[in-house]
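The values are calculated or read from the model by the stated rules, or taken from the named source; none is laboratory data. These figures come from a predicted structure and were not determined experimentally. Ideal geometry is used to build each Cβ from the backbone, glycine not excepted, and the neighbour counts take in all protein chains shown.
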């Protein structure tokens with residue numbers, strides 16, 4: 001792989017550079033072709049660069065951006081009044097060709113809006129989608145989208161999500177024809193609202209998507225569908241229910257192991273085996289949601305990510321650079337538009 | 001408690017009378033004041049009544065209904081063409097005063113529509129809601145609604161759900177002022193769509209609901225909110241994600257325990273303790289979703305419920321009879337309508 005550069009919004013997330021800098025350090029060790037441009041407030045970043053052994057690193061650049069966007073900032077006001085934020089400067093680097101991708105743990109709404117304005121969407125796409133690969137019970141990943149960037153979605157939007165998710169999954173997971181499903185309240189064709197039913201019809205009638213029908217939320221993790229499409233409200237709820245339930249179970253498991261001296265003893269012996277088995281379900285391993293549909297690569301890390309989790313977000317950006325995801329999506333969109341033109345002329 | 005009668009749609013669910021009859025048997029043993037009217041097809045039910053020791057039980061009645069509604073039947077066509085179904089006959093028993101509640105494991109959409117037409121909704125309620133009590137991490141229950149009966153909901157509908165859920169939770173859980181929350185993609189007041197924001201405003205301004213703000217889906221099970229309100233599409237997804245993740249987790253835990261002879265040995269010793277700790281999270285224990293907002297009590301069991309789970313659905317109906325939930329909801333609705341009248345005259 002050729003050399004490539006990631007622009008890092010170092011200020012975003014709950015812990016800012018205290019996570020993004022050590023994660024950069026880790027990623028640089030793993031990828032000898034990786035260059036990172038750290039974007040952030042000089043006064044805060046400078047002393048930390050030496051602390052994390054990045055001060056004179058040959059593959060690290062630093063770019064000063066005096067403003068920071070908080071998790072509470074309103075995206076629209078950020079767009080209007082915060083022209084020197086680390087998030088925007090990092091995105092501008094991608095837009096100008098100075099970087100191949102942007103990674104940020106900052107405010108999702110702001111990232112979405114700034115990315116759309118700075119990078120622009122691909123031909124045929126009105127708004128980017130937020131997608132994440134979740135571990136499934138078959139040991140693979142299911143791509144769930146949208147995760148909250150588009151709360152309400154019309155039929156065409158859902159169709160485009162399906163198409164984009166299909167390309168992303170095909171490339172990153174190296175699957176020849178990923179199965180695509182719509183999230184619904186039942187499997188039967190008469191279930192759901194009109195938008196979903198209409199979209200199901202569109203998906204079933206295009207040769208570019210391997211549409212397998214509706215999926216219910218309890219099947220999300222059984223691996224039947226490689227790509228699961230829904231609006232941002234429902235996707236956000238599915239993702240967070242999943243995380244919430246995982247935490248409930250772990251807490252109860254810990255309680256069981258802490259119950260008596262006997263269970264504590266057994267738990268100590270069994271814990272490493274359980275941890276090893278459950279590790280592929282750990283949220284850290286699927287940190288890194290992609291904003292797709294843009295003319296550039298943008299990856300969003302959880303705001304509360306730790307160093308390991310943030311490293312996975314950088315990993316996700318690297319995979320998308322490797323597979324040139326925006327170009328692949330753009331090519332697929334063109335084919336579908338051509339298919340539609342053919343149909344309308346028949 | 002006085003004597004009371006439950007009308008049982010014996011034919012509904014994946015296993016029909018093979019589950020509903022033994023569950024009836026169990027419930028009759030537990031509740032000496034309980035009478036059950038079994039509604040179903042004579043030819044199928046008659047031989048089973050003796051098999052499950054119900055043939056000459058002094059508190060069992062049988063009512064013949066030759067038609068059965070399948071899980072695939074379209075609710076609207078059922079309403080028009082299936083006037084002798086076990087589900088409808090059971091509901092009519094409640095409407096006529098011949099029973100205090102109806103329990104069915106049948107087709108949810110059909111139950112919803114038939115219940116609405118047979119029992120009618122309370123003054124001020126246009127459609128009933130489906131609500132279930134989920135176990136939370138504090139050892140209590142959080143009431144989630146709507147679970148799929150109303151896919152899209154306007155602001156007033158969500159407000160009414162909050163009010164009805166609050167009454168149900170207050171009575172059944174014996175809480176003086178249950179906390180009520182709206183499910184959203186973030187806690188901040190600027191999050192969500194206009195319907196949710198408007199509803200949040202209404203909820204914050206009524207003295208009859210202890211509204212505590214938005215809740216995210218990962219907080220569903222931490223017990224912060226006693227009642228969580230959302231539209232039927234999102235509620236269905238939250239509930240099923242929860243169930244799906246639970247299954248993933250248990251499967252992985254089992255895999256860990258089956259990994260080696262050593263883990264099998266430790267697992268065997270620890271398993272009873274883990275099972276005991278996790279048992280309050282078992283779906284069987286929260287089987288029994290209530291259709292509320294009707295002029296009568298209707299409880300829906302999971303279609304795939306086993307005998308124990310179906311017994312819990314009957315238990316739920318008994319609690320609602322005991323607390324006269326429809327009358328309590330009706331009274332609270334009246335107070336709120338009066339409050340609104342006062343406000344509009346100020």
Exercise for review: Mind counting the residues in region B:174-210 that are in contact with a strand residue (DSSP E or B) (Cβ under 6 Å, 6 or more places away or on another chain) and assigned to a loop (DSSP other than H, G, I, E, B)?
Suggested key: 5
**Study point:** Unmet requirement for residue B:206, which otherwise passes all of (1) in contact (Cβ under 8 Å) with a residue 60 or more places away in the chain; (2) farther than 21 Å from residue A:281 by Cβ; (3) within 23 Å of the chain's Cα centre (by Cα)
**Key:** (3)
Exercise for review: Mind counting the residues in region B:186-209 that are crowded, with 20+ Cβ neighbours inside 10 Å and either within 11 Å of residue B:162 (Cα to Cα) or not assigned by TED's automatic domain parsing to the domain that holds residue B:170 (or both)?
Suggested key: 4
Check your understanding: Only one of (1) within 14 Å of chain B (Cβ to nearest Cβ); (2) touching a strand residue (DSSP E or B) at 6+ places or on another chain (Cβ under 9 Å); (3) buried (at least 22 other Cβ atoms within 10 Å of the Cβ); (4) farther than 29 Å from residue A:322 by Cβ fails for residue A:245. Which number is that?
Key -> (2)
Check your understanding: When residue A:281 is evaluated against the numbered criteria (1) surrounded by fewer than 16 Cβ atoms within 10 Å (Cβ to Cβ); (2) within 21 Å of the chain's Cα centre (by Cα); (3) not assigned by TED's automatic domain parsing to the domain that holds residue A:17, which criterion, by number, is the only one it fails?
Key -> (1)
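One line per residue, one yes/no per condition, for (1) away from chain B (no Cβ under 11 Å); (2) crowded, with 16+ Cβ neighbours inside 10 Å; (3) farther than 22 Å from residue A:162 by Cβ:
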| site | (1), (2), (3) |
| --- | --- |
| A:216 | no, yes, no |
| A:227 | yes, yes, no |
| A:233 | no, yes, no |
| A:251 | no, no, yes |
| A:258 | no, no, yes |
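Mind telling me which of the residues A:183, A:147, A:122, A:168 ends up being within 13 Å of chain B (Cβ to nearest Cβ), in contact (Cβ under 8 Å) with a residue 60 or more places away in the chain and either crowded, with 18+ Cβ neighbours inside 10 Å or out of contact with any helix residue (DSSP H, G or I) (no Cβ under 7 Å at 6 or more places or on another chain) (or both)? Even if it seems obvious, please write down each step before you answer.
Working: A:183 fails: in contact (Cβ under 8 Å) with a residue 60 or more places away in the chain; A:122 fails: within 13 Å of chain B (Cβ to nearest Cβ); A:168 fails: within 13 Å of chain B (Cβ to nearest Cβ).
On inspection, the qualifying residue turns out to be A:147.
Residues being at the interface with another protein chain (Cβ under 9 Å from one of its Cβ atoms) and surrounded by fewer than 19 Cβ atoms within 10 Å (Cβ to Cβ): count how many of those fall in region A:260-270.
Residues of region A:260-270 that are at the interface with another protein chain (Cβ under 9 Å from one of its Cβ atoms), as a first pass: A:260, A:262-263, A:266-267, A:269-270.
Restricting the remaining residues to those that are surrounded by fewer than 19 Cβ atoms within 10 Å (Cβ to Cβ) gives A:260, A:262, A:269.
Of the residues in that region, 3 qualify.
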**Study point:** Among residues of region B:228-243, those that are assigned to a helix (DSSP H, G or I) and in contact (Cβ under 8 Å) with a residue 24 or more places away in the chain, counted
**Key:** 10
Point to revise | Residue under evaluation residue A:222, criteria (1) touching a residue at least 60 places away in the same chain (Cβ under 8 Å); (2) within 13 Å of chain B (Cβ to nearest Cβ); (3) more than 30 Å from residue B:140 (Cα to Cα), criterion not met | key: (3)
Review point. Applying the selection to region B:277-323, what residues are at pLDDT below 85 and assigned to a helix (DSSP H, G or I)?
Key: B:277, B:278, B:279, B:280, B:281, B:283, B:284, B:285, B:286
Practice item. Return yes or no: is residue A:142 buried (at least 23 other Cβ atoms within 10 Å of the Cβ), under 20 Å from residue A:231 (Cβ atoms), within 14 Å of chain B (Cβ to nearest Cβ) and at pLDDT 95 or above? Key: no
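Listed here are the residues, each with its yes/no results for (1) under 24 Å from residue B:283 (Cα atoms); (2) assigned by TED's automatic domain parsing to the domain that holds residue A:9; (3) touching a residue at least 60 places away in the same chain (Cβ under 8 Å).
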{"residue": "A:245", "(1), (2), (3)": "yes, no, no"}
{"residue": "A:264", "(1), (2), (3)": "no, no, no"}
{"residue": "A:299", "(1), (2), (3)": "no, yes, yes"}
{"residue": "A:303", "(1), (2), (3)": "no, yes, yes"}
{"residue": "A:315", "(1), (2), (3)": "no, yes, yes"}
{"residue": "A:334", "(1), (2), (3)": "no, yes, yes"}
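Residue B:251: over 27 Å from residue A:107 (Cα atoms), without any contact (Cβ under 8 Å) to a residue 24 or more places away in the chain, in a helix (DSSP H, G or I) and not assigned by TED's automatic domain parsing to the domain that holds residue B:336, yes or no? Quick ask: steps written out before the conclusion?
Working: over 27 Å from residue A:107 (Cα atoms): yes; without any contact (Cβ under 8 Å) to a residue 24 or more places away in the chain: yes; in a helix (DSSP H, G or I): yes; not assigned by TED's automatic domain parsing to the domain that holds residue B:336: yes.
When the stated conditions are applied, residue B:251 passes them.
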Point to revise | residue A:50, sole failed condition from (1) free of Cβ contacts under 8 Å to residues at least 24 places away in the same chain; (2) under 26 Å from residue A:2 (Cβ atoms) | key: (2)
Check your understanding: Can you tell me which residues in region B:31-43 are surrounded by fewer than 20 Cβ atoms within 10 Å (Cβ to Cβ), under 27 Å from the mean Cα position of the chain (by Cα) and without any contact (Cβ under 8 Å) to a residue 60 or more places away in the chain?
Key -> B:32, B:33, B:35, B:41
Exercise for review: State yes or no: is residue A:114 touching a helix residue (DSSP H, G or I) at 6+ places or on another chain (Cβ under 9 Å), assigned by TED's automatic domain parsing to the domain that holds residue A:87 and surrounded by 20 or more Cβ atoms within 10 Å (Cβ to Cβ)?
Suggested key: yes
Review point. So residue B:275 fits all but one of (1) surrounded by 15 or more Cβ atoms within 10 Å (Cβ to Cβ); (2) facing another protein chain (nearest Cβ under 9 Å); what number is the exception?
Key: (1)
Review point. Given the conditions (1) in a loop (DSSP other than H, G, I, E, B); (2) surrounded by fewer than 24 Cβ atoms within 10 Å (Cβ to Cβ), which single one is not true for residue B:153?
Key: (2)
